[in-house]
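The values are calculated or read from the model by the stated rules, or taken from the named source; none is laboratory data. Source: prediction; values computed, not measured. Ideal geometry is used to build each Cβ from the backbone, glycine not excepted, and the neighbour counts take in all protein chains shown. What goes into the accessible areas is simple: the full protein's heavy atoms, side chains included, and nothing from ligands, DNA or RNA. Shrake-Rupley method; radii C 1.70, N 1.55, O 1.52, S 1.80 Å.
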Amino acid sequence: MKEDKGDFCERLTGLGAEMPGTTPVMSCAEAARFEQAFFGEASRDETVFMQRAAKKVAEEAVALWEESQGGWETLRQDFGAGTAGTTIGQGPTNVFVLAGKGHNAADALWAAAEILRLAGCFRKTPPDNFEERLPSPFRPSYSPDNLGTGLVSGGLVSPSQARPFRPSNPVDDSENNFGKTNCDVAGEHTGAEAGVGVGVGVGTGAKTQAGALAKSVTVLLATPPEQLSPAAAQALAQLAAKGARVRVWASAAEADALLAEIGGSADVLLDGLLGYNFRPPLRPPFDEIIRWANAHGAAFAVKVAVDLPSGIGDFFASVFHADATVACGILKTPLLEPCNAEARGRLRYADIGFPASPASQSGARRVANAAVLEHGSLRRLRPPLADKRDFGHLFVLGGSRSMPGALLMNVRAALRSGVGLLTAFCPESVAAAFAAVAPEAMWVPWPETPSGGLALEGMFLLREKLPRATALLCGSGAGAEPETLALLADIAANTPCPLVLDADALRPEIAAAATSRPAALPTLLLPHAGELARVAPEASAEVAAGAVSPETLRGLCQRLRACVALKGAPTRVADASCEVVVCAGGPVLARGGSGDLLAGIAGALLARRFSADPLRTLVAAVAWHGAAADKLARRRGAEAVATTDILSHL
């Protein structure tokens, strides 16, 4: 019997409430059915949700652009500060949009306006010698095209015909000003009639000043404008009214000429050609546009796909290659398929206000959203009569004479994550030095083997203190010496508190030993792909192929009675019944020690009793770690930073 729209939507919104801060992963078909049912209710305005998606796309594009330029601190140093607290040129000023005709096109067009609104240029006139102070890629070019003439090709839309955008049902005050320039907004309140636009172009009519910093949007349409959906047509009219260049695809040669017209490069390229309703094969002109964009990828500092990279699903045609893909509202399963990893780039999820707990039929997979850290104790006041013991006592054991630093990073990350007390067991040869670096921890020197590993004879030190612990983290930097591995297996089997196994503790015999503990005691495992193959040899073939299935991951969790965070891009966190994808984090984490910081964060949250559900605790740790890394990359770029710089951004 066919399920009607209302029943389908009710079923989706009624399940899965046991995992706050997450939303479901769906197939494209499920996503289509859900949205059809969800927006079938007359009270819901689809445009409002599309605007939210556009804002999220814009925010991600700006963040990536800032990272690509060495971070906003570098941009501030290069561009200098303006007067009265304003700054100059701290944002992308040239956006190129590839637009189809549907919702993805509308999202991309609105995102283009929002990107330039976020760029943050508030001056009415630039300072003396401003152009000379800018690095050459950022020097503005002045021409009739981008000085507010409203030029569009072929008389597509004239500025007088285009209506300014107003959301039909704004959800907050900021959405009343969506896509508008700061000067537009200021003018409404102060009557100012002159100023540089920071939305699209540089304003029109009386608001244009010669010599102001130009900002521009270029739109390349795949179809004639009369074929656009109403939302896409409205978004395009808004951009055209503000002076955007608009062309309809004719040939690669004409696209080359259009790119040359804007100086041969742009700060951001937005892919809004095709959405999840695409069905192969890829037809002209979409295949031609995608090939052209991929061939000219180096001309764009940042390439962002809206929801799905155009062409995904057609294995015999070109797929748009993005630096990042922003999944809007629902994360679709094609984005998690290994064959699409290169095309999608970084995976980002934009929560746009869909129901918090719908469930899909395509498997127990969910994606963490921004609220995952709000469902716990991290974003609220501590109790006024709080005691340090209220925030847990974490024990950390690891390190060796040859690899001492991993343990120190565990400890520093745990201390930064708010644990009340921390006792660290380390090789006796490094205890004094470590105590000087992290005096907040209680350091216990541990007897060493002749090779500098942790010796079995030190077990009495742990046993006498273990009743005080609320969680134990072990393995980081411990090494592979047989005596040390035997010690770790003994600890795993006999620890009477929650346990985190990382790095050298991720071995079959040690993970198996942990299963002898009472089932009520949680165990967290934090492997990267190579460690997963070591701790679960049955998964080695899938690991080698880069395609560990959800069933394999959940099966491992069931066998080892553990929650597992498979570190990667993105990181996948699972227990025996559910997998949660965490999109936070990026290539800034591709350096030694980032996993040691994650282990310390996870140990601290487990010791603090962040949640009674160990899966939620591990998801929160991964999300917090990734969010800090993203903040670091946006502030200082991904190159000239150290792993421990992440800690100051937690």
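Any chance segment 337-352 includes a residue that's within 27 Å of ALA576 (Cβ to Cβ) and among the hydroxyl-bearing types (Ser, Thr, Tyr)? For segment 337-352, residues within 27 Å of ALA576 (Cβ to Cβ) and among the hydroxyl-bearing types (Ser, Thr, Tyr): present.
Looking for something within 18 Å of VAL219 (Cβ to Cβ) and in contact with a helix residue (DSSP H, G or I) (Cβ under 9 Å, 6 or more places away or on another chain) - is there at least one such residue anywhere in segment 281-288? There is at least one residue in segment 281-288 that is within 18 Å of VAL219 (Cβ to Cβ) and in contact with a helix residue (DSSP H, G or I) (Cβ under 9 Å, 6 or more places away or on another chain).
Here is a list: VAL543, VAL535, VAL564. Which entry is over 30 Å from LEU422 (Cα atoms) and β-branched (Val, Ile, Thr)?
VAL543
Out of the residues in segment 384-409 meeting the condition of being without any contact (Cβ under 8 Å) to a residue 60 or more places away in the chain and more than 18 Å from GLY603 (Cα to Cα), tell me which one is least open to solvent (accessible area, probe 1.4 Å).
That would be ALA386.
Where strands (runs of 3 or more DSSP E) fall entirely within segment 529-628, those with at least 2 residues that are under 16 Å from the mean Cα position of the chain (by Cα) are at 571-574, 579-582.
Can you tell me which residues in segment 625-637 are open to solvent by 20 Å² or more (accessible area, probe 1.4 Å) and touching a helix residue (DSSP H, G or I) at 6+ places or on another chain (Cβ under 6 Å)? Hits for segment 625-637 are LYS631, ARG634, ARG635, ARG636.
Could you check segment 33-64 and list, in sequence order, the residues that are open to solvent by less than 40 Å² (accessible area, probe 1.4 Å) and of a type in the set (Ser, Thr, Tyr)?
Result: THR47, single match.
Report, by residue number, each residue of segment 329-342 that is open to solvent by 10 Å² or more (accessible area, probe 1.4 Å) and either assigned to a helix (DSSP H, G or I) or closer than 17 Å to GLN51 by Cβ (or both). Scanning segment 329-342 gives THR333, PRO334, LEU336, PRO338, CYS339, ASN340, ALA341, GLU342.
Pairs linking a residue in segment 540-557 that is over 18 Å from PRO334 (Cβ atoms) and in contact (Cβ under 8 Å) with a residue 40 or more places away in the chain to a residue that is open to solvent by less than 30 Å² (accessible area, probe 1.4 Å) and not in a loop (DSSP other than H, G, I, E, B), with Cβ atoms under 8 Å and 6 or more positions apart or on different chains, are ARG554/ALA574; ARG554/GLU579.
From the list GLY205, GLY211, GLY264, GLY199, exactly one residue is under 23 Å from VAL326 (Cβ atoms) and either of a type in the set (Gly, Ala, Ser) or at pLDDT below 95 (or both). Which is it?
GLY199
When segment 231-287 is limited to residues that are open to solvent by 60 Å² or more (accessible area, probe 1.4 Å) and polar (S, T, N, Q), the one that is farthest from ILE312 (Cα to Cα) turns out to be GLN234. Residues in segment 214-230 that are surrounded by 22 or more Cβ atoms within 10 Å (Cβ to Cβ), at pLDDT 90 or above and part of a loop (DSSP other than H, G, I, E, B): ALA222, LEU228. Got at least one residue in segment 9-18 being open to solvent by less than 60 Å² (accessible area, probe 1.4 Å) and at pLDDT 90 or above? No, there is no match, as no residue in segment 9-18 is open to solvent by less than 60 Å² (accessible area, probe 1.4 Å) and at pLDDT 90 or above. Could you tell me whether segment 461-476 includes any residue that is open to solvent by less than 50 Å² (accessible area, probe 1.4 Å), of a type in the set (Lys, Arg) and free of Cβ contacts under 8 Å to residues at least 40 places away in the same chain? Within segment 461-476 (the criterion being open to solvent by less than 50 Å² (accessible area, probe 1.4 Å), of a type in the set (Lys, Arg) and free of Cβ contacts under 8 Å to residues at least 40 places away in the same chain), the answer is no, since none of the residues qualifies. For segment 463-483, which residues satisfy the criterion of being in contact with a helix residue (DSSP H, G or I) (Cβ under 7 Å, 6 or more places away or on another chain) and either part of a helix (DSSP H, G or I) or within 19 Å of ALA513 (Cβ to Cβ) (or both)? Scanning segment 463-483 gives ALA471, LEU473, CYS474, GLY475, SER476, ALA478, GLY479, ALA480, GLU483. Here GLY452 passes the criteria (1) open to solvent by less than 40 Å² (accessible area, probe 1.4 Å); (2) in a loop (DSSP other than H, G, I, E, B); (3) in contact with a helix residue (DSSP H, G or I) (Cβ under 9 Å, 6 or more places away or on another chain) except the one numbered (3).
Here SER360 does not qualify as among the hydroxyl-bearing types (Ser, Thr, Tyr) and either modelled with pLDDT of 95 or more or open to solvent by 60 Å² or more (accessible area, probe 1.4 Å) (or both).
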